[in-house]
1. Tell me which of these Val315 doesn't satisfy, since it passes every other one: (1) away from the ligand (no atom under 16 Å from the Cβ); (2) among the β-branched types (Val, Ile, Thr); (3) in contact (Cβ under 8 Å) with a residue 40 or more places away in the chain.
2. Given Pro223, Pro316, which one is under 24 Å from Asp199 (Cβ atoms), surrounded by fewer than 24 Cβ atoms within 10 Å (Cβ to Cβ) and at pLDDT 95 or above?
3. So which residues in region 34-62 are more than 25 Å from Asp238 (Cα to Cα) and under 24 Å from the mean Cα position of the chain (by Cα)?
4. Among what's in region 68-80 and is within 23 Å of the chain's Cα centre (by Cα) and aliphatic (A, V, I, L, M), pick the residue that is farthest from Ser290 (Cα to Cα).
5. Identify the residue in region 384-409 that is among the small types (Gly, Ala, Ser) and touching a helix residue (DSSP H, G or I) at 6+ places or on another chain (Cβ under 8 Å) and, among all such residues, is nearest to Asp320 (Cα to Cα).
6. Give Gly390, Gly340 a once-over and let me know the one that is farther than 14 Å from Ile8 by Cα, in a loop (DSSP other than H, G, I, E, B) and without any contact (Cβ under 8 Å) to a residue 40 or more places away in the chain.
7. Any residue in region 190-201 that's more than 11 Å from the ligand (Cβ to nearest atom): show its pairings with residues that are hydrophobic (A, V, I, L, M, F, W, C) and not in a helix (DSSP H, G or I) at Cβ separation under 6 Å, as long as the two are six or more apart or on different chains.
8. Quick one: Val169 ticks every box in (1) touching a strand residue (DSSP E or B) at 6+ places or on another chain (Cβ under 9 Å); (2) over 18 Å from Lys25 (Cα atoms) bar one, so which box is it?
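The values are calculated or read from the model by the stated rules, or taken from the named source; none is laboratory data. What you see is a predicted model, and the numbers here were worked out from it, not measured in a lab. Cβ placement follows ideal geometry from the backbone for every residue including glycine, while neighbour counts extend to all protein chains displayed.
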Amino acid sequence: MSVTLDWIASAGGPLRGTITVPGDKSVSHRAVMFAALADGRTDIHGFLEGEDTRATAAIFTQLGVRIEAPSPSRRIMHGVGLHGLRAPGAPLDCGNAGTGMRLLAGLLAGQAFDSVLVGDASLSKRPMRRVVEPLAAMGARIVTSAAGTAPLHIQGGQRLHGGDLVLPVASAQLKSALLLAGLYASGVTRVREPHPTRDYTERMLKAFGADVREVDGWISLQPGAVLRSPGRIDVPADFSSAAFFMVAASIVPGSDVLIEDVGINPRRTGLLDTLRDMGADITVERRRESGGEPVADLRVRHAALHGIDVPPARVPDMIDEFPALFVAAAFARGTTRITGAEELRVKESDRIAVMAKALKSLGADIAERGDGAVIQGGAPLHGGVVDSAGDHRCAMSMVVAAQRAQAPVTIADCANVATSFPGFVELASGAGMSIRPLASSP
Ligand code: S3P
């Protein structure tokens, strides 16, 4: 049964104090997947207890992997080796998670058994041909709906082969799906992306002992890898979840927050550069390495922002942060232009349309473009009712916008925030934002 959940958010006090946001979603998905396929036991710390990543863990339980959860945000995975998964007795439900479904499509294409991947209403509308077609070029057999969407019927027992695969879009999900299939392929798998994207799969494959290299823009995986558990994986806090606090603290006068232990992989931190270009006061403190990933504390103080042209080359490095950037731009002096971001239209919602409609209805001056938007900042936002379209990142961005609105904002359809950010309401209110759940109805 689906439950709708609305929130009411209004102008809050300054954001203050020290906060820790939950674990990184991308890293949590991959940690579970690689640990499941490895020989040996992997102790995952900082695992994201979100619906997306829990769905992935539940799928591996269905595939015969023993997973212990001794305490929140910890998983002990008893890996079964590359060929140790067992046939599931029922469809595998990825929930809202595009990352789960696309990476699993690659992983399951190489198994000896058939499987079916299903998702929720939003995931069932998202494009899957982009992953199914290159996998087919490797010898996989996967049937989508007529519209090229889930359910994905994956036929096992295929002989996969590597080869040179050129991705049509900059997508870490596609790259990762092909590398996962490459674990089961004969020959070298080489993937080329139009622009570098987050490299967690490459880093984690290396940590598990696979031979992955990047030479002249080609990411290559040697065949015959055996994955061996590194013993422990520490998942950093999710930069994309920190993003809401970075924007909120930047736009609410008097704010000064410290966001601890945030993953600052350079393929994720485009918003940091963009906000700084807009005049934000953000310092990166206590830079260090944790589990092979750069992490740091981010100190964010209120600052007067101004509009900029967001460099299109930076889009993949901040692909999940545009809903939050729309809000920053609405409160910045002057014009912000977003171009080259058409991928936003095929995320958990059409994020350009959803954010433009919501902010416009509150009084912001935004013109939608096919591949982005032009936002004239500075118009005062009044209150009203906005719709997140069931998109977790749009819902949280609308909460941030409400912190500077002149009257309360009701945000409809916020239940999916639990996919990536369990405890958001408590953490946000503890930091000074004004937000409370309004209604919960079947
Ligand atoms: C992700 C890749 C990105 C991102 C998503 C997580 C990943 O998607 O938007 O939230 O973990 O690989 P695309 O690969 O579709 O760009």
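1. So the condition that Val315 fails would be (1).
2. Every option except Pro316 fails the conditions.
3. Step one: filter region 34-62 for residues more than 25 Å from Asp238 (Cα to Cα), giving 39-40, 62.
Gln62, the sole residue that qualifies.
4. Start the filter on region 68-80 by keeping residues that are within 23 Å of the chain's Cα centre (by Cα), which leaves 69, 72-77.
Filter again for aliphatic (A, V, I, L, M), leaving 69, 76-77.
Values: Ala69: 22, Ile76: 19, Met77: 20 Å.
This residue is Ala69.
5. Ser397
6. From the options Gly390, Gly340, the qualifying one is Gly340.
7. Arg190/Trp218; Val191/Leu165; Val191/Ile219; Arg192/Val166; Arg192/Trp218; Pro194/Ala170
8. (1)
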